[in-house]
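Visitor: First the structure, which I've put down as structure tokens, then a few questions once you've had a look.
The values are calculated or read from the model by the stated rules, or taken from the named source; none is laboratory data. Small disclaimer: the values here were computed from a predicted structure and weren't measured. Positions of Cβ are backbone-derived with ideal geometry, glycine not excepted, and every protein chain shown enters the neighbour counts.
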């Protein structure tokens, strides 16, 4: 499917909906990792988990994704944390306007580089009532110094003016999930970020998984993370609306 981004520009996405309902439902917009990954049409257990609990799930092929040619992939260079966020927000707004998404129940999630996208989305006005960042990159400049040497040129070219995510800029509740054995992004940095958020108030939460790796490969860790994320959204939806 496609959503308008502005002018004649369109954003492609895959939409998964609960069977047997045409009424608006809770929506989870997913920002893929990489950020130069894609959204293949295949069985995804995270998507199925949320669809089985009544959510619609939109996987966004934002600028910077693979599968659309070099120019599309390189469009994110120098604009990471901007164009990806704009494209995810455009999909959310489109689905809300189309009556797919329930107002006040539109969320964004991402892992690794997608976690950075989710946090940047939570840092600006937009359609999202909450965000989940798993194994997230918090500061692209600091992350660039920690990646293997062969990956540093790519990390450097992606970085743009969006910069590090600042707790004081967050505008909606955030759930931070990280494993203690993550060797790709820093659990210490993520949990410090979560603590700083919690000190500001606003319904933020965090989950530190003992022994969890960057991909939360262990089934028990993955299950714990998914259930924490679902509970987080349900908690937000149960709050009185302003």
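For every residue, the table says whether it meets (1) over 27 Å from residue 144 (Cα atoms); (2) surrounded by 14 or more Cβ atoms within 10 Å (Cβ to Cβ); (3) without any contact (Cβ under 8 Å) to a residue 24 or more places away in the chain; (4) within 15 Å of the chain's Cα centre (by Cα).
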{"position": "2", "(1), (2), (3), (4)": "yes, no, yes, no"}
{"position": "27", "(1), (2), (3), (4)": "yes, yes, no, yes"}
{"position": "66", "(1), (2), (3), (4)": "no, yes, no, no"}
{"position": "79", "(1), (2), (3), (4)": "no, yes, no, no"}
{"position": "83", "(1), (2), (3), (4)": "no, yes, yes, yes"}
{"position": "88", "(1), (2), (3), (4)": "no, yes, no, yes"}
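Visitor: Follow-up question, since we're still on this one. Failed condition for residue 213, given (1) touching a strand residue (DSSP E or B) at 6+ places or on another chain (Cβ under 6 Å); (2) surrounded by fewer than 18 Cβ atoms within 10 Å (Cβ to Cβ); (3) in contact (Cβ under 8 Å) with a residue 40 or more places away in the chain, with all others met?
Guide: All conditions pass for residue 213, except number (3).
Visitor: Scanning region 197-224 for residues that are closer than 11 Å to residue 174 by Cβ and not in a loop (DSSP other than H, G, I, E, B), which turns out farthest from the chain's Cα centre (by Cα)?
Guide: Among those residues, the one meeting the criterion is 200.
Visitor: Would you be able to tell me the number of residues in region 152-170 that are within 20 Å of residue 200 (Cβ to Cβ) and either assigned to a helix (DSSP H, G or I) or without any contact (Cβ under 8 Å) to a residue 12 or more places away in the chain (or both)?
Guide: 3
Visitor: Further question on the same structure: For region 54-73, which residues satisfy the criterion of being touching a helix residue (DSSP H, G or I) at 6+ places or on another chain (Cβ under 9 Å), modelled with pLDDT of 95 or more and over 16 Å from residue 9 (Cβ atoms)?
Guide: Result: 55, 56, 57, 58, 59.
Visitor: If you don't mind, there's one more thing I want to ask. Which members of region 15-34 meet the condition of being over 23 Å from residue 232 (Cβ atoms) and in contact with a helix residue (DSSP H, G or I) (Cβ under 9 Å, 6 or more places away or on another chain)?
Guide: If the condition is that a residue be over 23 Å from residue 232 (Cβ atoms) and in contact with a helix residue (DSSP H, G or I) (Cβ under 9 Å, 6 or more places away or on another chain), then 19, 34 are the ones that fit.
Visitor: Within region 103-139, can you find the residues that are part of a strand (DSSP E or B) and modelled with pLDDT under 95?
Guide: Result: 103, 104.
Visitor: For region 43-64, name all the residues that are surrounded by 18 or more Cβ atoms within 10 Å (Cβ to Cβ) and either free of Cβ contacts under 8 Å to residues at least 12 places away in the same chain or in contact with a strand residue (DSSP E or B) (Cβ under 6 Å, 6 or more places away or on another chain) (or both).
Guide: Those that are surrounded by 18 or more Cβ atoms within 10 Å (Cβ to Cβ) and either free of Cβ contacts under 8 Å to residues at least 12 places away in the same chain or in contact with a strand residue (DSSP E or B) (Cβ under 6 Å, 6 or more places away or on another chain) (or both): 47, 50, 51, 55, 56, 57, 58, 59, 60, 61.
Visitor: As an exercise: evaluate residue 193 against (1) at pLDDT 95 or above; (2) more than 24 Å from residue 86 (Cα to Cα); (3) in a helix (DSSP H, G or I) and give the number of the one condition it does not meet.
Guide: The single condition residue 193 does not satisfy is (2).
Visitor: With the condition kept exactly as written, say whether any residue in region 140-151 is under 24 Å from residue 202 (Cα atoms), at pLDDT 95 or above and under 18 Å from the mean Cα position of the chain (by Cα).
Guide: no
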